[in-house]
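Following: one structure in structure tokens, then a few remarks.
Throughout, read-outs are computed from the coordinates displayed, never taken from laboratory work. Since this is a predicted model, take the numbers as computed values, not measurements. Note that each Cβ is placed from the backbone with ideal geometry, even for glycine, and that neighbours are counted across all protein chains shown.
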Amino acid sequence: MARIRYRPPRGFRDFTPDIMILRKQLLSKLETVFQRYGFDPIDTPAVEYWETLAGKYGEEAESRLIWRFRDPWSNKDYALRYDLTVPLARFISNHQDLPLPFKRYHIGPVWRHEEPQKGRYREFYQCDADIVGSPYPEADAEIVNLTVDALAVLGFEKGYRVRLNDRRLLRGIYEEELQIENPLPVYRAVDKLDKIGLEGVRRELDKLGLEENKILKIIELLNLRGHPEELISLISRKYQGNKDVESALDHLSQILDLVNTPGFVELDLSLVRGLDYYTGPIVEVVLDKPRIGSVAGGGRYDNLIQLFLGKQMPATGVSVGIERIIDAGLELGIYQLARKTIAKAQVIVLDPAYYKYAWKIANLLRSLGINTRIDLSRAKERTQRKKALRQGIQYLVFIGKKEAESGKVTIYDSATGKRTEVSVDSLSPEMF
């Protein structure tokens, strides 16, 4: 009988050492950028009460995408966290003694009942940076600058666009100018533009019962994107006297004055961000190639924390999509899965009679901070050596009779082919 091949559920993945080594390297680099900007780490539970998440994301997310379940022992409804923003809002309500503005970063897994496809998984990591307590444009500008720096340290110094818009701008146009009474379903339809195209959005808007003239005006708006200053001037003239539009454009202008790399930024009126809690500037980063969707996104959500805290608390932030960045980086050749192990050195035992001496050397190397392996299978020297080289271990430390009797080791650098014989007392991290 053939053995059953067990797989993880759809949308969930196993990670081999080479992939995990790359992931950890990139997450470490990203964490360094967050810390450079003065953001502090926090963590929250993977599981929240359903009532904590309910009413925060919108109908589609809450009816289809959130992993929700009832605990049979307590008979209470729980949910796996859908993002890291709503848990932050709940966190702030429980820790009101934090100094404001509070700058936090959070790297952790979230779960969504998506249809799995390229760049879209049911379990994935989000890497968030948020500023709580500042309503000012400089907080939003810092989020943009941090995002650009994060992409650079991850290897993306060009080949992407930072799309910028403002929910107040949308509100002023859709609700006041176009007189759309319930704009959220319209925003969700527009948010599908990259997936279904203009004609798909047109059909979605038609299903919502919008008049043809309003649909045509929305389609016209979706084509407005490009140089921020030129568009701001155009929109300002077109909607002069609209307070929401004027407020949004003033805020966006102040952000642009503080952005370090304005050449990456474009104003894009097709950007709406699908979640209901956004209230002001919104941002999204897309790569020129491959077409994999946004690799970072966020914005201002000044009313979300109020739902938990009972008082107004401005906030803004971004989520860097590390999963899509890794997928894109591998496809573009920016990343390589060259490292198969984190071990830097392998102690090669030439003669089993001197295994205790070899064990001592392995422990010494570890005490010097060198990631070291030693044979645990009693394999022959040739097998040990071939396995180490196949794993990409750079330094082979040979131990045999000569080394044990002289108190020395022989170090072979597989990258240069250099072989060095040194005394145990002179071993140092600089040799590796």
The lone exception for residue 304 - which of (1) on the phi > 0 side of the Ramachandran plot; (2) part of a loop (DSSP other than H, G, I, E, B); (3) surrounded by 20 or more Cβ atoms within 10 Å (Cβ to Cβ) it fails: (1)
Residue match in the range 269-287 (condition: more than 19 Å from residue 125 (Cα to Cα), touching a residue at least 60 places away in the same chain (Cβ under 8 Å), acidic (Asp, Glu) and buried (at least 16 other Cβ atoms within 10 Å of the Cβ)): yes
Pairs with Cβ under 6 Å, 6+ apart, first in the range 18-29 and under 16 Å from residue 152 (Cα atoms), second aromatic (Phe, Trp, Tyr) and in a helix (DSSP H, G or I): none
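Each row is one residue, and each column tells you yes or no for (1) of a type in the set (Ser, Thr, Tyr); (2) touching a strand residue (DSSP E or B) at 6+ places or on another chain (Cβ under 6 Å).
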site: 161; (1), (2): no, yes
site: 164; (1), (2): no, yes
site: 168; (1), (2): no, no
site: 172; (1), (2): no, no
site: 175; (1), (2): no, no
site: 183; (1), (2): no, no
site: 187; (1), (2): yes, no
site: 191; (1), (2): no, no
site: 202; (1), (2): no, no
Total residues in the range 180-206, condition in contact (Cβ under 8 Å) with a residue 24 or more places away in the chain and over 31 Å from the mean Cα position of the chain (by Cα): 1
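Looking only at the range 220-266, filter to residues that are among the acidic types (Asp, Glu) and either assigned to a helix (DSSP H, G or I) or touching a helix residue (DSSP H, G or I) at 6+ places or on another chain (Cβ under 6 Å) (or both); which one of those is nearest to residue 167 (Cα to Cα)?
In the first step, residues of the range 220-266 are kept if they are among the acidic types (Asp, Glu); the result is 220, 229-230, 244, 246, 250, 257, 266.
With the extra rule that they be either assigned to a helix (DSSP H, G or I) or touching a helix residue (DSSP H, G or I) at 6+ places or on another chain (Cβ under 6 Å) (or both), the set shrinks to 220, 229-230, 244, 246, 250, 257.
Numbers: 220: 17, 229: 18, 230: 19, 244: 9, 246: 12, 250: 13, 257: 20 Å.
Looking at residues that are among the acidic types (Asp, Glu) and either assigned to a helix (DSSP H, G or I) or touching a helix residue (DSSP H, G or I) at 6+ places or on another chain (Cβ under 6 Å) (or both), I get 244.
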Filter pass, residue 38 being within 23 Å of residue 95 (Cα to Cα) and either touching a residue at least 12 places away in the same chain (Cβ under 8 Å) or surrounded by 12 or more Cβ atoms within 10 Å (Cβ to Cβ) (or both): yes
Cβ-Cβ under 7 Å pairs, at least 6 apart or on other chains, the range 61-81 side in contact (Cβ under 8 Å) with a residue 24 or more places away in the chain, far side part of a loop (DSSP other than H, G, I, E, B) and exposed (fewer than 11 other Cβ atoms within 10 Å of the Cβ): 78/71
Residue within the range 334-346 that is touching an Asp or Glu at 6+ places or on another chain (Cβ under 6 Å) and hydroxyl-bearing (Ser, Thr, Tyr) present: no
Residue ranges of strands (runs of 3 or more DSSP E) in the range 335-432 with at least 2 members free of Cβ contacts under 8 Å to residues at least 24 places away in the same chain and out of contact with any Pro (no Cβ under 8 Å at 6 or more places or on another chain): 408-413, 418-423
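Just for the range 389-405: of the residues that are hydrophobic (A, V, I, L, M, F, W, C) and in contact with a Ser or Thr (Cβ under 9 Å, 6 or more places away or on another chain), which one is farthest from residue 336 (Cα to Cα)? Even if it seems obvious, please write down each step before you answer.
Quick first cut of the range 389-405, residues hydrophobic (A, V, I, L, M, F, W, C) only: 389, 393, 396-399, 404.
Subsequent filtering for residues that are in contact with a Ser or Thr (Cβ under 9 Å, 6 or more places away or on another chain) retains 389, 393, 396-399.
Details: 389: 18, 393: 16, 396: 23, 397: 26, 398: 29, 399: 32 Å.
Among residues in the range 389-405 that are hydrophobic (A, V, I, L, M, F, W, C) and in contact with a Ser or Thr (Cβ under 9 Å, 6 or more places away or on another chain), the one farthest from residue 336 (Cα to Cα) is 399.
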Residue check for residue 314: loosely packed, with under 14 Cβ neighbours inside 10 Å and either within 30 Å of residue 134 (Cβ to Cβ) or not charged (D, E, K, R) (or both): no
Single residue of the range 1-55 satisfying the filter (acidic (Asp, Glu) and out of contact with any Cys (no Cβ under 9 Å at 6 or more places or on another chain)) that is farthest from residue 98 (Cα to Cα): 18
Those residues of the range 13-36 which are over 14 Å from the mean Cα position of the chain (by Cα) and among the β-branched types (Val, Ile, Thr), in sequence order: 16, 19, 21
Selection count, the range 225-249, where residues are exposed (fewer than 15 other Cβ atoms within 10 Å of the Cβ) and either free of Cβ contacts under 8 Å to residues at least 60 places away in the same chain or under 17 Å from residue 189 (Cβ atoms) (or both): 10
